[in-house]
Amino acid sequence: MSTIFETLMLVCFGAAWPASIHKSWTSRTNKGKSLKFLLIILLGYTSGILFKVTGRLDAVIFLYSLNMVLVTTDVVIFFRNARIDRRTASGS
């Protein structure tokens, strides 16, 4: 039964990441973004994956992994946007 709720939680969290990635990509800025927040989320998903691997391995690991890929994508875009923000600030 707990797997159902865990799955629902991961689906709900996961549904938000494509919107965040889209906003990050199209806005081309880090205004309103926090690298610390993204890294904390990555740590949480890593912990979930480690729990699955070391204890209760089931199909939910796929959702943890998918969400981790989405957040990692947002982190990569964060660094791209940081470079754009620096260029914009310097007037180039």
0 to 90° range, to nearest 10: angle between helix 61-90 axis and the chain longest Cα axis: 10 degrees
Can you list the trypsin sites (Lys or Arg not before Pro) in the stretch 1-80 that are in a DSSP coil and have 14 or fewer other beta carbons within 10 angstrom? R28, K31, R56
Enumerate the calculated ³J(HN,Hα) couplings along the stretch 23-31 in order (Karplus 6.51 cos²θ - 1.76 cosθ + 1.60, θ = phi - 60°), each rounded to whole Hz, writing x wherever the residue is Gly or Pro. 4, 4, 5, 7, 6, 6, 8, 9, 4
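Just how large is the dipole of the chain about the Cα centre, in debye to the nearest 20, putting +1 at every Lys and Arg Cβ and -1 at every Asp and Glu Cβ?
540 debye
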26 Å Cα-Cα reach of K23 towards lysines, excluding residues that sit fewer than 8 places from it in its own chain: K31, K33, K36
Subtract the Cα-Cα distance of V53 and T88 from 0.36 nm times their separation in residues, and report this length gain in nm to one decimal. 8.2 nm
On a C-alpha basis, how far is the centre of the stretch 1-25 from the centre of the stretch 39-92 in Å? Whole number, if you could? 12 Å
Would you mind checking the stretch 78-92 for residues with the amide N under 15 Å from a putative spin-label position 7 Å along Cα→C-beta of L42? 78-82
Helix 35-54: angle to the longest alpha-carbon principal axis of the chain, degrees 0 to 90, nearest 10? 20 degrees
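A short reminder: the numbers here are calculations on the coordinates, not readings from a lab. Computed from a predicted model, the values in this text were never measured in an experiment. Reconstructed Cβ throughout: ideal geometry from the backbone, glycine too, with neighbour counts over all protein chains shown.
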